[in-house]
Every structure is written in C-alpha cells, then in structure tokens.
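The structure appears below as structure tokens.
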Amino acid sequence: MLLQLIQGLLAAALAPLVLGWLNQCRAWLQNRTAPSLLQPYRVLRKLLRKEVVLAVNASWLFRLAPYIVFACMVLAGSIVPLIATDLPFALAADVIALVGLFALARVFMALAAMDVGTAFGSLGSRREMLIAALAEPALLMVFFTPALISQSTALTTIVDQFSNGALQLYPSMAFAAIAFVMVLLAENARIPVDNPSTHLELTMVHEAMILEYSGRHLALMDWAHALKLTVYMAIGIALFLPWGVAHPHEWLGLPLALVALAAKLALFGAGLALLETLAAKMRIFKVPEFLGMAFMLAVLGMLVHFLVEA
Amino acid sequence: MNGPLVGQVINLLAALMLLIAFAMLAQRRLLRLIHLFALQGAVLTLNTLVVAATLAQSHLYFSVVLNLVLKVIVLPMILIRLVDRLDLRADAESVGNLPLIMLVAVVLVILSFNVALPISELAGTITRGTLGIAMASVLIAFLMMITRRKAVAQVIGFLAMENGLFFAATSATYGMPMVVELGIALDVLVGTFIFGIFFFQIRETFDSLDTRNLESLKDRE
Amino acid sequence: MPLLDLILAVVVYWIALGAIGAALPLERAIHARVFFPISALGGLLLTTVGLAGLGNWPQAAVLGLGLPDLPFHVRVDPLSSFFLLLLGAAGTAVSVFSAEYFQRGGGGDIRLICLQYHVFLAAMTMVLVADDAYLFMVAWETMALASYFLVITDHRVAEIRRAGFIYLLVAHLGAIAILLAFGLLQIGQWEYTFEAMRNAVLSPGWAAAVFLLALVGFGAKAGFLPLHVWLPEAHPAAPSPVSALMSGVMLKTAIYGFLRVSFDLLQAQAWWWGVVALAVGLATAFYGAVFAAVQNDMKRLLAYSSIENIGIVLAGAGLALVFHAYGMNLLAALALAATLLHCLNHALFKTLLFLATGAVMHATQQRSLGKLGGLIRRMPWVAALALIGTLAIAGLPPLNGFVSEWLLFQSFLLSPGLPNSYLNMFIPIGTALLALVVALSGYVMVKFFGTVFLGLPREESLHEAHDVGLAGRIAMGWLALWCVLIGLAPVLVLRALDPVFQQLVGAGLRDSLAQSNWTFLTAVAPEHASYNPVVFLLVIVAVILLGAMALRRWFPSGRRRAATWDCGFGKLDARMQDTAEGYGQPIKQIFQAFLRLERHHPSPFDLHPRYHSRIEDPVWEALYAPVARAVRRLSGIVGVVQHGRIAIYLVYSFVTLLLLLALIL
C-alpha cells in the first residue's frame, strides 16, 4: 500500500519534469536554448502563489473542475503500472476503465469551459469533445490487440504476459503502437492536432478550455495536463515496452524499475519531440482523417493478429 | 536458423505488405503511389530472399533477382518516365468516399482470410499463414483499380495485383515454376509498355487521363 | 401467492385512483398534490415486490377476467420482477414529480390526465405480468392508447396532434407484428398461454419468422432503426413527466417483450438472429447519437439519446443471443447482464433528465436550447441533480452508466472466442462503432448540460427562473441516489439479478463474481478484467480534499471576482457564446452523409440576409414517404369502387345476391 502511494506521488512529481524534458528535446531539435528542466516546477509554484481571479458568473462547477481533473489524473497515475505490477489499485481499473477515467476528467474540463459563457470556452469545448469522440474508437481498437494476445484487459496482466513471455515479433503490436502514438498526440493536445503553446485563440483546442483559469486553478489544470501526458506515455510503455517493471514481491527490482522507467520516458519524450518538430499543426477538420488513419492502423493490427498470429 | 524466428520475420513482412496495400488504396498523389509500389516490390523481394535463404529453395534466388530488377527498379522507372512525359508529376486526385472504401477493404481482408483458411491448412509450407494476406492484397489492389479514376493509378493497381499473386505463390507453394514466372514477368512488362502507348492516345483524344471520359464513347440514342 | 396478489392489488389501486381522480371535481393544484403522491406509494410497493420477486420462484395465477374460454393468465418470474422493479423505481419518482408539475400550467384537464396516467401505469404493469398472449395484447393496446392520450394532452396545438398520430400509427404497426408473432407461436394449437408456447416445437424457419416479427413488432415500440420516427415527435410533444415515463419505462416494456419472446418463448436460437439484432442495435445507436448531437430542442435531443441507448440495449441482447446460440452461456450471461443493467440505468438517468427538463420548462417556459443558459445559478438543485444524470448517461465512472457500458465492452472483447471465424473478426469492428457511440453520447450530454445550465442566460426572462420545489427535489434525488448506488455497488446488483440470467440463458455470474470481494466488478476472472468504483470515488474525493487542504495551508492566496476576460473587446454578451447549433456543427459536418440537410445561404444581393438550415431524418424520405405514396395510390385504385351513387351500390348488392344464388343452385 505504501508503494502504491509512492507510485501515485511519483507520477505526479515526475510529470512536470517530463514536460520539461520534452521542451528541452524540442529546443535541441530547433537549435535553440531551452529553459531549464525544472522550469515547469517553477511555473507551477508561481501560479500557486498567485491570487485566483474568477469571472463574475463562474459557478461552483468552474471552481470544482480543476480539483476533479487533477484527482482523476493522480488516480490514473496510481493505476498504471509505472514501477510495479502488483499494487492494490492496479486491479481497480482495466484499460477500459482508464479510458472512462480520462473521459470523466475531459467532460469536467469541457463543462467548466462552457461555464463562463465566452465564445472561446465553448469553441475549445466542442473541439475537444469532437477529437475525443473520434479518438476513442481508435484507442479501443489499439487496446484490443494486446487484450487479444494476453487474453485480458487488465494492464498488469498484459505487462506480465509481455515481459515474462518469450521475446516475439508481433507485427500487430507494431501497428497498434503507431496508432497509439497518433491517438496520444490527439488526446494530449500536441502537434499535429493542437499546439500547446499557441496564442491564437481560434487555433486552440485545449488551451481555449483553460483560458479563464488563473492562480492555483490554472496550476492544477496545467499539472493535470502534464500528468495526463505522462500517464499516456506510461500506458504506451506498459503495452509496448514492458520490460523492467518490478514483479510481485520483488523489492530489489524497484531501483531497476525506476531507472528503466526514467530511460523509457526519456526515449519516448525524445521521440515525441521529434514528431512534433517534423509535423505541422493541421486544420481541425483534417483531424478526423488523422484519427481515421489511426483507427485503420489499429484495425489492421487486429486483423494481422487474427491472420498470422492466431 | 531458429524456425519460429523465420516464421515471425515472414509474418512481419506479410503484415507490411498488407499495410502497403491499404496505404496504396488511400494514397492520392501519383508519385507517392509509384514509390509505394516500389516499396511493395522491395518487401516482396525481401520475403522471397528470406524464404530462399532459410528454406534452401535455391530456385527462388532467380525469382529474387527477377523481382528486384523488374519490380523495384525497371517498372517504377518506366512509370516515372511515363508520368514525366504526361506531365503528371504533381497530379493528385480525390479518392471518393474514403471511409466506405476502407470499410470494404477490411471486409475483403476478413473474407479472404476465411476463404484461405482451408487452403492454408492443406499447404505444407511454413508460410501458409500468409496466404490470407496475399489474397487480401490481390483483392485490395483490384478494389483500387475499381475506385480510381486516373488511368495511371489503375495500372498501378493492376501491377499490385500481380505482386499479391506472386506473394500468394511464395506462401503456398514456395514459388511458381520458372517458366510460368518468366511468362508473367514478360506479360507485365509488355503490358506496361502497351498501357503507356494507350495513355498517350487517351490524352490526345480527351486532353486528360480521367477514364470517365471514356464513357462518352457510348452510343447515344 | 402473496407477490402476485400484491402486484394485482397495486394495479387495481392505480386504476381506482385514476377513476376517482377523474370523477372528483377538485381544484387543479389540490388534485395534483393529493393524487400523484399517493400513486407513488403504489410505485414504491412495486419496487419492493420486484426486488423480492428476483429471489423467488415464479408464481402464476389465472384471473377470472377475460373471455369465457380465454381467461387472463398472470405470472411473475425473475424476468418480470426485474422489469417491475424498474417500473416501480422510475414510476415512483415520476409520480412524485408530477405532483408539483401538474399543479400549474395550462393544457389538459387534470382529471383526464390523472385517469390516463394511472391507466398507463396499470397497463404497463399488466404487460409485465401477462402470461398469455391475449392479456398481453390487451394490456399492450391499453398502454399504447393511454400513452397516446397523454401525448396529445395539449391537443390544441396541431404539431402535437400530428406527433400523436404518428405515434399511434407506428404503435399499431408494431402491434400487428406482435400479434402475428404470437399467432405463429401457437402453431395451430389454439393455446395462447406462454406456457404452451414455451413447450411448442417450431421448425427453424417458423422460429426465424417469429423472431423477425418480434424484432419488428417490439422494435416499433422500443424505437429500433427504421421504426424510430415516432420517438422524436412524441416525446417532446408530451408533458415532461409523461415523456419521462415513456422514455424511461415504456421503451423497456418493449425490450421486456423482445427478451421474453427470443429467450424464453423460443427455445432454440439460431446464431444469425443475434447478428441481425446486433447490427440493428449498433445502427440504431449510431443513428441516435449522431442525430442527438445536432438537435436544438431539449426534449428532442433526449428523445434521440433514448434511441441511442435502446440501440445499445439491443446490441447487448443480440450479442447475448449469439453467445447463447453457440452454447457459451457464461458469456451470454455477461452480455445479458450488460443489457439488463443498461435498461435499468437508462430508466433511472433518462427519467431524471426528463424530469429536469420538465422543471426547466416549468420555470422558464422555454424548450429550445437557443433560449436557455446559465440556469445553474437560478436553479441549483435541478442543475446538481441533472449533472449526476448527465455524468451517468455519458457513461462516466463511478456512476451506473459506466458499469453497463464496461460490461458490454467486456462481452464484445470476449467475442473472438466464438467458433465462427467470420463473426470473430466482424464483431470487434462493431466494438469500435460502440466506442464511437459512447463517445458521441458524451458529446451530446456535454452539449445538453452546458447549453441549458452553464454559460450566460440567453433570454431576459431566465433571470426570474425559480428552482424546483420539495417534491421535485425528492423525485430527482431518489433517481440520482439510485444512479450513484448502482454505480458504486454493481456487484450486489448483479448478484441479485442472477436468477434472471439463470432463467434466460442457463448460467449466472455468481461464481465469477464470487472470486473477489463485492467492490470489484469482474468480467470473467479478476486477472482478466476488473473495475472497482469504490476505489475511484474514494481516491478522487481523498485527493480533492487533501489537495484543497494542502493548498490552503501552503499556498494561501486570495480569490476575487472580476469581469470575464474579453480579449479587449469589452462588450461580451450572451449571444457570443455557442448556440446549440454551433455546438453540434462539427458533428453535422463530419457525419453529413447520414443526415438530410437543407441549407439556405444568403446571396450577396439579399437585402435581408438570412441563413436557414434544417436537419431531417432521411428515413422519412427513404422509407416512409414511398410507402405512404404507394398506400395512397393503392387506395386511389380501390377507391374507384366508391361512387356515391345509390344505384351503383344497389347493383353491387344485386350482383352479389345473384352470384350467391348461382352458387347454391
């Protein structure tokens, strides 16, 4: 149980660092100097110390939403097997329940965005719900393939299956991995679906929803955003690169697991930064095509599993 | 070599073949389509090479060389030259109702797998799991021919069908008799030349390579 | 036989209430406040009876009513008990709410409404306990008629009359199909009891015919795809408590009928029945979701959402049929669990949402989403309870909607175990469609809640909106409480439902659920998949509380109110936020192929430019219009016979007489 708490806190603590690392990689690729790796922490501290300014017509939903979103992400961080597979919360949710958890956070964000009654809030809200609606089938099909291979939808079982079993080439998992990365980009508001550092409101999706937030509410929302990205990356690592996670009753495996996690997150982050640098943000109505392609890849992965691996 | 590893590599290449077939179905730009076709030929060659090397089917080495020369080098070059002379380098066409076409393609894959199931159980090769994918590639290439309007894209679909056919032969019976293979290769080569000649004719008559123009040859009453 | 007696007592009680209410000339407010709450007592009793009936053996009886040779048979078994529980729970809430709703407001004589309402409730109960085709059809028709009269309560409005007519038409088409199905089931034995039908042996061809007729017949009442056209017309036309009852309970009686015929009365199922049901269910769900996203009327949006949820229920039932036909009964029980639980969940949260719209309409007199907004400040109770309903219907953990969707996804994910290799690969693709539908329903519900309760009020009159009174709060609170409880303890619910699964498919989930403690919901085994809603709730609440406390201690910064950030523009008003149409625009654009869109763009030369767009259901043009035209042409041909001249009619009689004489001689 203590380990569970540690994992949850670790996920929350690591998230801004992952964001910092992502920015660092992007800066290296774009031939400029990045702010220090700890900059996101400083930003969070700055925001937490500032006064909260609420719109006159913001309701209790608006004030409650950042807490709920953050809590959902912390729970997700505790469930995904970051460093160990036998934690008590891990059985509390399988991948479908994780998707539901993310949906809960997203719905509260969307509702909070509509609360203030500005044009930008509802714009961001509807775009975000659209992208989510199209990404969820793709995400589900991505999860289908490992679920078929390991006969289970619980992440811990999948991790156990893949890391303990013989090393095998799974083309279906390769397709699913590509589709997963595409869905990750869509769901976490990265380029090419959304630009997290844009200042033009008409191009915003995620940023438009948190436009009204300030002070500690904004800090919580930003933290939750970074945490969501970290958790998604962790899910990807658990599904496609599961080696190195500590197995049940293996206390000595924990340091190795930490190192492995850091290495994998760093690699994944660098890869994401590369993708972001190479691609340009696409029009909002090209996003259905993008997600359709992810969906087709995931379906292809599943079909390939039936065709050649079953 | 490790038996299952060979099987896995062949499966991986088969999966790539399927991916390329789908990608060709959705690709709008002509030049990229030709590159995809060359890539498909390369994957096919690699697959044949693996089978030849690890399963001691030495007659497949000739097929490897033939494939490499014909499908990866000569045919794409001919097509690119054709495209240059027809001034189609920047050509792109809209692919119609893409989600529907993709759905039909998925249905075709499922169908071909189920049809191939009894046959692959009869075949004695290590690659029999890939027979379904091979048939699916043929059907998807056929679908590509149906859903495209520009003539060059239809020809590429025809050539992709031949690719799929060869892949099916490799996976079911370790290749075709050399005579048959040479015959098919010759047919394909000559066919491409003739297509090229026809393209010029069509373009002269209609000033475009849109095959829907051929409908105007219908007798009107 | 106490349970059956109790049920019949409730039925008689309700009819008596209705009759007395129709007779007494009381003042409207007093009438409403007296009669409806006491009918809620009947609902409560029915709920407890339903709960008790789940664990009991089936009880049957023969009533003395009916025709001399055809008495009424009644029976309560686990399946009926479940649906009685559903009816009771939802009916109680609606009755309590109606006490407040019908106090004011014009349209409709309260005495007539009282009579029709209670007859409606009584008829639905009788449908659920009917044990022979005769009583079933009598109760079914009474239910349809009573609801028709309730729908056209405001009969002075032409649109409402039209909606009622369409409803009646489709309901009767369905009734004909059901009648034919029952007729086929008795295969010439002239025995109309369900017991006889259960024991009858039908050839596969006739059994398939019965199944298809049942699908069409019950589908007309439940709202499966081509027969759904009455739903978006009738539900908005009816008064809100009636819409709640229709959407929440009446559609489920149709599902009850479908399950009764396909699982219970037909002994052997073919696998392709399930595939047909699955396909129709998924198509219906998709259709409902897409259309709900583009609606501008509160109640039409909820009506299409009902179509979507009924589609999900049918998809689950289809999957259960497929598993059952292949003998994989444990998986069939899982799919059936998803189906039945979704029925119950939908009854609860849809009723809650319709009651919320009733409260909103009562307070603001507005139905269109374009004229609402910002009601969370004026109507906090309705907003909070509607939020629970919205989260539940969007399928979000830890509420009840997520549980049934989770179970359904698990059933879909287990379908590759089927022996049929075609189904193995097609059904997972159907899963993706289900995921799309679930995600779209989230979209729809965010649109609904956001446009009605959040943002700025789009009309001046909204500033005087009043919150719902005690009765309304109790009613909606009761439903919201059930949503939360079922969401947190689904295992207890599933354990209680085990007799229903045993009855329908011969296997139950009790064993697989017993492998872990009551907080974990598992599909087949805990290693396969598990979900613990209690952990979800506790951790989220803990993090919120700890986080808030920590922030208060270590980062005590102030809080002040200021004007909304307006990008320097300075004159933000309510018209700048998204309209309902605007919110649905992405869906409209992407799924254009499925809608029938009529748009009128202004030209550059218009002096008074207007933009006008209308979305219609393509099923009207594709299916109903040609049929209507054919019927008209046919009647035109037949109408040649009718001249109006007496001499010709006398000639007809004369010729018939001559023919008959010729035949005799």
- Query: What are the residues in the stretch C:35-72 that are hydroxyl-bearing (Ser, Thr, Tyr) and closer than 10 Å to residue C:92 by Cβ, if any?
  - Reply: C:39, C:47
- Report whether or not residue C:381 is more than 8 Å from every other protein chain (Cβ to nearest Cβ) and of a type in the set (Phe, Trp, Tyr). yes
- Odd one out for residue B:32, checked against (1) within 11 Å of chain A (Cβ to nearest Cβ); (2) surrounded by fewer than 17 Cβ atoms within 10 Å (Cβ to Cβ); (3) under 22 Å from residue A:289 (Cα atoms): (1)
- So which residues in the stretch A:107-124 are open to solvent by less than 10 Å² (accessible area, probe 1.4 Å) and either more than 26 Å from residue A:286 (Cα to Cα) or more than 7 Å from every other protein chain (Cβ to nearest Cβ) (or both)? A:112, A:113, A:115, A:116, A:117, A:121, A:124
- Out of all the residues in the stretch C:599-630, which are open to solvent by 40 Å² or more (accessible area, probe 1.4 Å) and closer than 25 Å to residue C:372 by Cβ? C:599, C:610, C:611, C:612, C:614, C:615, C:616
- Query: Only one of C:623, C:607 is in contact with a Pro (Cβ under 6 Å, 6 or more places away or on another chain) and more than 10 Å from every other protein chain (Cβ to nearest Cβ); which?
  - Reply: C:623
- Quick one: in the stretch C:406-423, of everything that is part of a helix (DSSP H, G or I), more than 7 Å from every other protein chain (Cβ to nearest Cβ) and open to solvent by 10 Å² or more (accessible area, probe 1.4 Å), which residue is farthest from residue C:338 (Cα to Cα)? C:423
- Task: Quick one: count up the residues across the stretch C:365-386 that are open to solvent by 10 Å² or more (accessible area, probe 1.4 Å) and either touching a Leu at 6+ places or on another chain (Cβ under 6 Å) or among the hydrophobic types (A, V, I, L, M, F, W, C) (or both).
- Result: 4
- Message: Can you name every one of the helices (runs of 4 or more DSSP H) wholly within the stretch A:155-219 that holds 1 or more residues which are at pLDDT below 80 and at negative phi?
- Response: A:155-164
- Query: Which one of C:350, C:371 is in contact (Cβ under 8 Å) with a residue 24 or more places away in the chain, closer than 30 Å to residue C:575 by Cβ and out of contact with any Pro (no Cβ under 7 Å at 6 or more places or on another chain)?
  - Reply: C:371
- Inspect the stretch C:431-438 for any residue being within 13 Å of chain A (Cβ to nearest Cβ), buried (at least 22 other Cβ atoms within 10 Å of the Cβ) and out of contact with any Phe, Trp or Tyr (no Cβ under 9 Å at 6 or more places or on another chain) and give the result as yes or no. no
- Item | Matching entry among C:615, C:637, C:590 (being touching a helix residue (DSSP H, G or I) at 6+ places or on another chain (Cβ under 9 Å) and free of Cβ contacts under 8 Å to residues at least 12 places away in the same chain) | C:590
- Note on the structure: Scanning the stretch A:29-52 for residues that are over 30 Å from residue C:552 (Cα atoms) and free of Cβ contacts under 8 Å to residues at least 60 places away in the same chain, the one nearest to the other protein chains (Cβ to nearest Cβ) turns out to be A:34
- Counting only residues that are under 22 Å from residue C:417 (Cβ atoms) and either out of contact with any Ser or Thr (no Cβ under 9 Å at 6 or more places or on another chain) or crowded, with 21+ Cβ neighbours inside 10 Å (or both), how many does the stretch A:157-167 have? 4
- Message: Suppose we filter the stretch A:204-217 for residues that are farther than 17 Å from residue A:129 by Cβ and either away from chain C (no Cβ under 12 Å) or of a type in the set (Ser, Thr, Tyr) (or both); how many remain?
- Response: 2
- Item | Residue satisfying all of: in the stretch A:94-105; of a type outside the set (Phe, Trp, Tyr) and more than 8 Å from chain C (Cβ to nearest Cβ); most open to solvent (accessible area, probe 1.4 Å) among these | A:99
- Item | Which numbered condition residue B:56 fails, given (1) under 14 Å from the mean Cα position of the chain (by Cα); (2) not in a helix (DSSP H, G or I) | (1)
- In this structure, does residue C:65 turn out to be open to solvent by 70 Å² or more (accessible area, probe 1.4 Å), assigned to a helix (DSSP H, G or I) and touching a helix residue (DSSP H, G or I) at 6+ places or on another chain (Cβ under 9 Å)? no
- For residue C:163, work out the one condition from (1) open to solvent by 10 Å² or more (accessible area, probe 1.4 Å); (2) within 25 Å of residue C:36 (Cβ to Cβ); (3) over 17 Å from the mean Cα position of the chain (by Cα) it doesn't fulfil. (1)
- All conditions in (1) hydrophobic (A, V, I, L, M, F, W, C); (2) under 20 Å from residue B:171 (Cα atoms); (3) assigned to a helix (DSSP H, G or I); (4) at pLDDT below 90 are true of residue B:1 except (3)
- Can you pull out the residues in the stretch C:346-392 that are more than 17 Å from residue C:477 (Cβ to Cβ) and under 22 Å from the mean Cα position of the chain (by Cα)? C:346, C:361, C:367, C:368, C:369
- Any idea which of (1) among the β-branched types (Val, Ile, Thr); (2) buried (at least 17 other Cβ atoms within 10 Å of the Cβ); (3) closer than 29 Å to residue C:276 by Cβ is the one residue C:153 doesn't satisfy? (3)
- Task: Name every residue in the stretch A:1-36 that is of a type in the set (S, T, N, Q) and surrounded by 15 or more Cβ atoms within 10 Å (Cβ to Cβ), in order of residue number.
- Result: A:4, A:7, A:23, A:24
- Message: Scan the stretch C:538-549 and tell me whether some residue there is open to solvent by 100 Å² or more (accessible area, probe 1.4 Å), closer than 30 Å to residue A:157 by Cβ and more than 9 Å from chain A (Cβ to nearest Cβ).
- Response: yes
- Item | Which numbered condition residue C:358 fails, given (1) at pLDDT 90 or above; (2) in contact with a Leu (Cβ under 9 Å, 6 or more places away or on another chain); (3) open to solvent by less than 10 Å² (accessible area, probe 1.4 Å) | (2)
- Counting only residues that are open to solvent by less than 40 Å² (accessible area, probe 1.4 Å) and over 14 Å from the mean Cα position of the chain (by Cα), which one in the stretch B:1-25 is farthest from residue B:99 (Cα to Cα)? B:3
- Which one of these is more than 14 Å from chain C (Cβ to nearest Cβ), of a type in the set (Gly, Ala, Ser) and touching a residue at least 40 places away in the same chain (Cβ under 8 Å): A:55, A:65, A:84? A:84
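The values are calculated or read from the model by the stated rules, or taken from the named source; none is laboratory data. Remember, predicted model here, so these are calculated numbers, not experimental data. Positions of Cβ are generated from backbone atoms using ideal geometry, with glycine treated the same way; all protein chains shown enter the neighbour counts. For accessibility, only protein heavy atoms count, side chains too; no ligands or nucleic acids. Shrake-Rupley method; radii C 1.70, N 1.55, O 1.52, S 1.80 Å.
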